[in-house]
Amino acid sequence: MAAASARRPRLAVWKFASCDGCQLSLLDCEDELLMVAERIEIAYFPEAARRMLPGPYDLSLVEGSITTPADAERIQRVRRQSRRLVTIGACATAGGIQALRNFADIREYAAAVYPYPEYLETLATSTPISAHVPVDFELRGCPIDKGQLLEVIKAFLADRKPAVPGHSVCIDCKRRGNVCVMVASGTPCLGPVTHTGCGAICPSYDRGCYGCFGPVAGANTAALAKEFAALGVARRDIARLFQTFNAAAGAFRDEAERHGD
């Protein structure tokens, strides 16, 4: 009984269609990760370990989107083995940059890239994990912020809701004392409709926000698109501003479609 009560919670980290950047954010935690490892058992993490332990797992972190029939089946198995499942990054939460396929003919893309596309087994769309299984929490970003990731892990260890802020990047600009790039230089910026997480990196260097952390709750994309048009941005370019790392996220997808050709 004593051994059972001392068992550490088991963590698993899974990869689907992605670039591995969000998993690397976990490894970038370095010293903090060592402290986390004292509290949990990293049971499955192919990116960082040789030993893979079978489930069940107390917490699964899932990176990447679903783009193949095999992965659509595999995520079901991951969900069954996981008491809690958290998606990390734009691919897992919104389909990622590869969700641009959702707006085109996947057969044309495949024929342009692969010499023998008939051997591919792929889906016509790239979809977030939540489109296939229940998800306990979504952590945004391309890549995710390691501080937010540590907070999520600690929160689930303590069986509480993660304290991840939900304001827009504009608030971060105000806190850093940044001059608004749209007002000062007429630079299109997605900051007003983008979820916080990066600390307003791009506006801090006089560049517009690219929307890496996806749409903030209640994002008024229509009003922002109207401001872009007033700056002289063409309709097609407005659509492209919303079709990047979070192209399939609801608010961004809908605004892009309203301005598409």
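Bear in mind these aren't lab numbers, they're just calculated from the coordinates by the rules spelled out. Computed from a predicted model, the values in this text were never measured in an experiment. For neighbour counting, all protein chains shown are included, and Cβ atoms are generated from backbone atoms with ideal geometry for every residue, glycine included.
Rounded to whole Å, the principal axis extents of the Cα atoms in region 63-148 read 41, 27, 18, largest first. Taking only alpha carbon atoms, the chain gives an Rg to Rh ratio of 1.01, where Rh is the Kirkwood radius. Packing here is the average count of other Cβ atoms within 10 Å per residue, and on that basis the peptides 179-192, 99-112, highest first, run 179-192, 99-112.
Taken as Cα centroids, region 204-242 and region 96-116 sit 25 Å apart, rounded to the nearest whole angstrom.
Cross-link reach is defined here as a Cα-Cα straight distance under 27 Å, omitting same-chain residues fewer than 8 places apart; for residue 154 the lysines meeting it are 15, 146. Count Lys and Arg as plus one, Asp and Glu as minus one, and take only other residues whose Cβ is under 10 Å from that of residue 110; the net charge is then -1. Percent of C-alpha pairs per 5 Å bin in region 169-259, short distances first: 3, 16, 28, 26, 19, 7, 1. Could you tell me how far the Cα centroid of region 36-75 sits from the Cα centroid of region 159-197, in Å? Between the Cα centres of region 159-197 and region 36-75 lies a distance of 31 Å.
Loop-located chymotrypsin sites (Phe, Trp or Tyr not before Pro) across region 174-261 with a Cβ neighbour count of 14 or fewer within 10 Å are 205, with loop assigned by DSSP.
Which helices of the chain meet both criteria: a Cα extent of 15 Å or more along the helical axis and a mean Kyte-Doolittle score no lower than 0.5, with helices taken as whole DSSP H segments?
146-157
Relative contact order for region 169-259: what percent, with Cα pairs under 8 Å and sequence separation of 6 or more?
Computed over region 169-259, the figure is 24 percent.
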